[in-house]
Amino acid sequence: MRFDIQRDYLRTVLDRGYRLPEGYLEFEPQRDRIRGALAVRPEPTVACNNDLLAGNFIDDGERIRLIDYEYAGNNDACFELGNMASECHLTDDQLDLLVTSYYGSRLVNKEARARLQGLMAQYGWTLWASIQQATSDIEFDFWTWGLEKYERAVELLRHPRLDRLIEDVQRDD
């Protein structure tokens, strides 16, 4: 999730008094560190779906088709890869394979970038869920869905591995 979108979602949640997971704001310094680390080696944007959850893939046995382009637009390719890995609950090894397949060779900085982008997607989608819970007519428990994303994000935001990812994303592979 782009940092400006997360910022706007957060403003909406706070201004309108929507629910915010306990401790959400305590991770803003980590978000800022990640944003700074990603900016060290800016990436060009590419066309992205920006919402590649498992339900947006259709596999007919011969071809895979992507659907649901509501959030489509240009973005960092590693956001697309990291968000897809997060949404589809890929393992680290599966994400590494996905990143290697996309770039054509193993690049540790891109693997770290995809992981950090996936983390930021979880952190941002948490706010989207809060907004949807407060405003959507759809009968779905957006809050629980968002908390699941948040809990997964918090796990990495609190993990010492975060420091290594921040170092690795700045590498020149």
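All of the numbers you see were taken from the coordinates with simple rules; none came from a lab. Bear in mind that the values here come from a model prediction, so they are computed numbers and not experimental data. Note that each Cβ is placed from the backbone with ideal geometry, even for glycine, and that neighbours are counted across all protein chains shown.
Laid out as a table, the results:
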read-out	value
Exposure proxy ranking, count of Cβ atoms within 10 Å, fewest first, for 155, 139	139, 155
Order of 33, 63 under a 10 Å beta carbon neighbour criterion, fewest first	63, 33
Pairwise centroid distance, computed over Cα atoms, of region 1-70 with region 135-157, Å	13
Exposure proxy ranking, count of Cβ atoms within 10 Å, fewest first, for 130, 105	105, 130
Estimated dipole of the chain in Debye, rounded to 20 [Cβ of Lys and Arg +1, of Asp and Glu -1, Cα centre]	560
Helical contribution to [θ] at 222 nm, DSSP H n ≥ 4, -39,500 (n - 2.57), averaged over the chain, rounded to 500	-19500 deg cm²/dmol
